[in-house]
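Okay, structure first, notes after.
The values are calculated or read from the model by the stated rules, or taken from the named source; none is laboratory data. Computed from a predicted model, the values in this text were never measured in an experiment. Note: ideal-geometry Cβ built from the backbone for every residue, glycine included; neighbour counts use all protein chains shown. For the accessible areas, the whole protein counts, side chains as well, though only heavy atoms, and no ligand, DNA or RNA atoms are used. Shrake-Rupley method; radii C 1.70, N 1.55, O 1.52, S 1.80 Å.
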Amino acid sequence: SDHMENIYGYLMKYTNLVTGWQYRYFVLNNDAGLLEYFVNEQSRHLKPRGTLQLAGAVISPSDEDSHTFTVNAASGEQYKLRATDAKERQHWVSRLQICTQHHTEAIGKNNPPLKSRSFSLASQGSANSPGVQRRPSQNAVSFFNVGHHRLPTGKRVPIMQPDHLVDVREMMSQAEGQQRDLIRSIECLPASGHLTSLDQDLLMLKATSMATMNCLNDCFHILQLQHASQQKGSLPAGTTISWLEPKISVANHFKNGAAQNFPAEINKPASVREEQSIAEPCQLTREPEEINPDEELEDICDDKEDDLGAVEEQRSVILHLLSQLKLGMDLTRVVLPTFILEKRSLLEMYADFMSHPDLFIAIANGGSAEERMIRFVEYYLTSFHEGRKGAIAKKPYNPIIGETFHCSWRMPKGNVATDAGSPSEQVTLPKDPEGQAEPDYYTVKFVAEQVSHHPPVSGFYAECVERNMCVNAHVWTKSKFLGMSIGVTMVGEGVLHLLEHGEEYTFSLPCAYARSILTVPWVELGGKVNINCAKTGYSASINFHTKPFYGGKLHRVTGEVKQNTMNTVVCRVQGEWNSVLEFTYSNGETKYVDLTKLSVTRKRVRPLEKQGPFESRRLWQHVTESLRDGDIDKATEHKRALEERQRNEERLRAETETPWCTKYFLKDGDGWVYHKPLWKTVSAAQTQQMDSN
């Protein structure tokens, strides 16, 4: 009661996708149990723009950052609010929770039990009776007495008593049986003909009915918990309320799409306990680790993502998930079911984009600026085919903050295209102190790190010291629900440095789309990307074409390389980014590149026992092993343990105001740069040579 004072002040309130966040003046009225808001402080004497009854509400700090929290009223209305800092959020959350608890308890004390009534679906009449043909929402609203209107001040919301919960359980059991009959009837329809089991309207009906039952189960469980909290202290010690345990068995098709109750800590596998007990990353060594390429072994892992059966079997989970999404909804924080995951992290996927290191190294061997730009475009367009694993659009693991991935490639020097022109002057790096003979292969080293969680930003860097070239990039993945597809925008920029020539090539990445997500999902790239070299004046414009609704080819790409000073096109390219590309040069010559026949160089990775606890393959090893074994439930459990640990660590950093410290990448303006890029090493070598002369 000492903390039951009225508080007021400005908070940001989320309105919708169009309007976004807006400052509003909020007042917590403890006496009335109301949270009210006004346009500004000056309009406080006017009628509030909105009011929430706090009795029965749930106040939840958000996991997305340290400033946001939500107020979920018993009426179903929700306020998403944001304070100026973590301290102010904690102040509002604690006062709101105290007020909510006080008024929720008061309802139980001040209201006598309601007169028992019997509710039965059978009493509503047969399926042909007029009563069944009424809008379902009418019965639901009248039964639960819940609406979005404001309740008159001073009136109390009745709390359901145990006998009513028994009646609700009876109704829901019958409804669940009818829902199962509906699903069975739809799935028994023929696969072809006028009305099939894959009819879009019927699929949406299945998804909606499943989502509705799942939501009702969650609401019923909340009612049970609320009633249990009302009865605390009024029951003799040791009393057991049998109806408190959930009696409704949720259908198996919910098991991957909804929250699950896992066994107690003592029953969890040791691997899960290990995942949850790894110390706070910033307490581990955050000093950059030099990876010795000689410790890396050729990768023998070959996880092909071509299992159509898993997608077909779990279609109901996909439908359940889709029924809860809205067009344009940001999917960054949506937890997707485990069975649609690839067996690799997003950081490793970026590494797989470099599976043709011969084409990458050959860029620096171009004898002219024009040749180097064309070679870069060729390498760029061939990188996406191997970056995708299999024909099915599956999603790689979302890297957790601090996660890293290391690998390298060895490419025999004789396999790299050269140029007849004389080589440029080359900066000599310090020789091996042991004076070992120069190897007959080039080494390309790669490192990636998840540098941010919200927003999800990855940094990656690759270098070939022998050819004095490196690439640095940062990517922020933004995904949205587009109805029958999911779109992923790759926000960020990469820069290729050719240090022998003093050239820098900036480039961006195309958008990716997962199409036909209700049947067999597949990947499509779309959008326009640009490659520019300011020093030489050459640029490239590349268009990834999405397939039109009628006609047209899949995976089509077109582009051209221009000399900007003279405004002339020196090369045109067309074809499919996962099949055959045709390059036509200004002299009339044509070159074809068949991506399906290009040799793929396997990356080299350290064995798991030599990897650090936050390196991708070791971090996700139990999830990957479970997916290989086809044990989706076990994979989900391991994945949940990792995600829960990340949320707990982020919450702890917010409470202690401890900033996250990255390991390999440093913030540079709006981007991220590798801490020891090759251009710094070369610059130091040049300085050393000048000093020695």
Residues with amide H under 5 Å from that of Cys407, placed H, sequence gap 5 or more: Phe446
Within the accessible area of region 7-109 (1.4 Å probe), percent carbon and sulfur: 48
Heavy-atom surface of region 7-109, accessible at 1.4 Å and reported per residue (Å²): 48
Pairwise label distance in nanometres, Arg169 with Gln97, each label 7 Å out on the Cα-Cβ vector: 2.9
Diffusion coefficient, µm² s⁻¹, Stokes-Einstein with Kirkwood Rh over alpha-carbon pairs of region 7-109 at 37 °C and 0.692 mPa s: 237
Contour excess over end-to-end distance, with Cα ends at Glu289 and Tyr14 and 0.36 nm allotted per residue: 94.8 nm
Stretch gain in nm, segment Leu182-Thr212, where the contour uses 0.36 nm per residue and the Cα spacing is subtracted: 9.5 nm
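Looking at region 7-109, send over the antiparallel percent of its DSSP beta bridges, to the nearest 5. Show your work: numbers first, answer last.
Values: 28 of 28 bridges.
Counting DSSP beta bridges with both partners in region 7-109, the antiparallel share is about 100 percent.
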log₁₀ of I(q)/I(0) at q = 0.16, 0.18, 0.22 Å⁻¹ - region 537-638, Debye sum with one point per alpha carbon: -0.85, -0.90, -1.08
Size of electric dipole in region 7-109: Cβ of Lys, Arg +1 and of Asp, Glu -1, about Cα centre, debye, nearest 20: 240
About the Cα centre, charge dipole magnitude for region 508-612 (Lys/Arg +1, Asp/Glu -1 at Cβ), debye: 380
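Using r as the Cβ-Cβ distance of Ser586 and Lys553, and R0 as 22 Å, what FRET efficiency do you calculate, to the nearest 0.05?
With a Förster radius of 22 Å, E is 0.30.
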Among Phe26, Gln42, Leu52 - extreme Cα towards positive end, dipole of region 7-109, charges at beta-carbon: Gln42
Cα gyration tensor, region 597-658 - rounded (a/c under 1.5), prolate or oblate: oblate
Simple label model, 7 Å out from Cα along Cβ direction - Lys610 to Ile222, nm: 5.3
Highest average packing first - 85-93, 182-190, Cβ atoms within 10 Å: 85-93, 182-190
Efficiency of FRET from Cβ geometry, Thr489 and Thr418, R₀ 30 Å, rounded to 0.05: 0.20
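Pulled fully out, how much extra length does the chain show between Asp633 and Thr656, if you take 0.36 nm times their separation in residues and subtract their Cα-Cα distance? Intermediate results must be reported in sequence, preceding the final value.
On the way: separation 23, 0.36 × 23 = 8.28 nm, distance 3.46 nm.
Gain on extension, Asp633 to Thr656, equals 4.8 nm.
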Protection proxy ranking, peptides 448-455, 583-590, average beta carbon neighbours within 10 Å, highest first: 448-455, 583-590
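State which entries of Lys13/Lys478; Lys87/Lys395; Lys528/Lys680; Lys395/Lys597 exceed 29 angstrom in Cα-Cα distance in the structure shown. Walk me through the numbers on the way to the answer.
Details: Lys13/Lys478 22 Å; Lys87/Lys395 36 Å; Lys528/Lys680 32 Å; Lys395/Lys597 25 Å.
Table pairs above 29 Å Cα-Cα are Lys87/Lys395; Lys528/Lys680.
Between Gln574 and Val600, what FRET efficiency follows from the Cβ-Cβ distance if R0 is 22 Å, with the result rounded to 0.05?
On the way: r = 24 Å, r/R0 = 1.07.
Calculated transfer efficiency: 0.40.
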Label-point separation, Leu46 to Asp299 (7 Å along Cα→Cβ), nm: 6.0
For peptides 401-409, 347-355, 291-299, 533-541, sequence by mean Cβ density within 10 Å, most packed first: 401-409, 347-355, 533-541, 291-299
